[in-house]
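Comments concern the structure below.
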Amino acid sequence: MTGLLVVNADDLGLTDGVCRAVARAHRDGVVTSTSVLAVGQAFDRAASTVRDAGTLGLGAHLALVGEDRPLLSAREVPSLVDRDGRFPLSYRTVVARGLAGRIDAADVAREFRAQLDRVRSIGVPLTHLDTHQHTHLWPTVARVVVELAREAGIGTVRLPTSARRGPLGVGVRVLAGRLRRRLATAGLATTAGYAGLDEAGRLDVADLSAALARASAAGATSLEVNAHPGEPGDADLARFDWDYRWGQELAVLTDPATRAVVEAADWRLGTFADLAGAR
């Protein structure tokens, strides 16, 4: 076998339909792991989805951005929210605040700790941490996530990166390099390869095949591909202006041709709990 492949479904708890889609992508497809959004409106459904799935790896999808409100009040985390107590919608605001030195790490830690506690209340051991819109690429947020992982005894943190050309891709790669060094210093694991940021909301078989080929060519012994399955026509997703092809990703993840691509490329499906043996 070339190595360990973790196919992680993000945003569990976003809607009931996303929860059903993740369950199906695990049961009938190649999804082996998921990250739960503690602030999601369908968190209770997410909890039952994970408990019922049995073999689905579970992580916390910690949020500083998005349409859903934080768990804590504006008084508790004033630097993270607007006057209405809402997160900014985009990671771009986090970057802008970071450049201006306006990210309060103590506020981030309070909110993330509350979210992590809620995910841990599901009662299933956590295999990893990551963040909504990959905000832990920013160093201040990364420091908090690393500290929480060590505090909670969670051994793995996602390392997102990008293959894009241009300023965005370069910026992501620079931040990813810093994050990799931070994780190594802290003794935390991550996969050797990653795909999903560039393909967010439109992952297809060709994307997956290309990611496997890149990882194999680089000699990677482990790879995470993060995906966003959802039910086609889910009306509850209309409030998210992300232009994601939720239903198409679900179809790709459950297509027997997708599993055949993985097997032909000689990768072994697993979870972040298997990462120690693949490093």
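Where a number appears in this text, it was derived from the coordinates with a stated rule and is not lab data. Small disclaimer: the values here were computed from a predicted structure and weren't measured. Note: ideal-geometry Cβ built from the backbone for every residue, glycine included; neighbour counts use all protein chains shown.
What is the local net charge at Glu76, summed over the other residues whose Cβ is closer than 13 Å to its Cβ (Lys, Arg +1; Asp, Glu -1)? Intermediate results must be reported in sequence, preceding the final value.
Working: positive: Arg69, Arg75, Arg110, Arg113; negative: Asp104, Asp107, Glu111.
That sum, taken over residues with Cβ under 13 Å, equals +1.
Taking a sphere under 11 Å around the Cβ of Ile103 and counting the other residues whose Cβ falls inside, with K and R at +1 and D and E at -1, yields a net charge of +1. Summing +1 for each Lys or Arg and -1 for each Asp or Glu among the other residues whose beta-carbon sits under 9 angstrom from that of Val225 gives -3. P(r) for the chain: what percent of alpha-carbon pairs falls in each 10 Å bin, starting at zero? Bin by bin from 0 Å, the calculated values are 7, 31, 39, 20, 3, 0. A simple spin-label model places pseudo-atoms 7 Å from Cα toward Cβ; at Arg180 and Ala100 they are separated by 3.3 nm. Working ranking of peptides 225-231, 213-219, 140-146 by packing, defined as the average number of other Cβ atoms within 10 Å per residue, highest first, is 225-231, 140-146, 213-219.
In the chain, a dipole from Cβ-located charges (positive for Lys and Arg, negative for Asp and Glu) runs towards its positive end, and of Val31, Leu12, Ala176 it is Ala176 whose Cα lies farthest in that direction.
For the chain, set up a Gaussian network in which alpha carbons nearer than 10 Å are linked by springs, and say which option among Ala25, Ala220, Ala100 fluctuates the most. Between Ala25, Ala220, Ala100, it is Ala100 that shows the largest mean-square fluctuation. I need the Kirkwood Rh of region 52-155: take the reciprocal of the average 1/r across all distinct C-alpha pairs and report it in angstrom. Hydrodynamic radius (Kirkwood, Cα pairs) of region 52-155 is 14.1 Å. For the chain, modelled as a GNM with alpha-carbon contacts under 10 angstrom, which of Arg110, Arg102, Arg173 fluctuates the most? In the Gaussian network model the winner is Arg102.
So if I place +1 on the C-beta of Lys and Arg and -1 on the C-beta of Asp and Glu, and nothing else carries charge, what would the dipole magnitude of the chain be about its Cα centre? I want it in debye, nearest 20. Show your work: numbers first, answer last.
Values: 33 positive and 33 negative charges, 211 e Å.
With Lys and Arg at +1 and Asp and Glu at -1, about 1020 debye.
So if I place +1 on the C-beta of Lys and Arg and -1 on the C-beta of Asp and Glu, and nothing else carries charge, what would the dipole magnitude of region 14-151 be about its Cα centre? I want it in debye, nearest 20. Walk me through the intermediate numbers first.
Values: 18 positive and 16 negative charges, 14 e Å.
That gives region 14-151 a dipole magnitude of about 60 debye.
At a 10 angstrom cut-off on C-beta neighbours, averaged per residue, how do the peptides 196-208, 150-162 rank from highest to lowest? Numbers along the way, then the final one.
Working: 196-208: 18.2, 150-162: 19.7.
Answer by packing, highest mean first, reads 150-162, 196-208.
For the chain, a Gaussian network of Cα nodes joined below 10 Å ranks Thr185, Thr34, Thr221 by mean-square fluctuation, and the top entry is Thr185.
The peptide list 254-262, 13-21, put in order of mean Cβ contacts within 10 Å with the highest first, becomes 13-21, 254-262.
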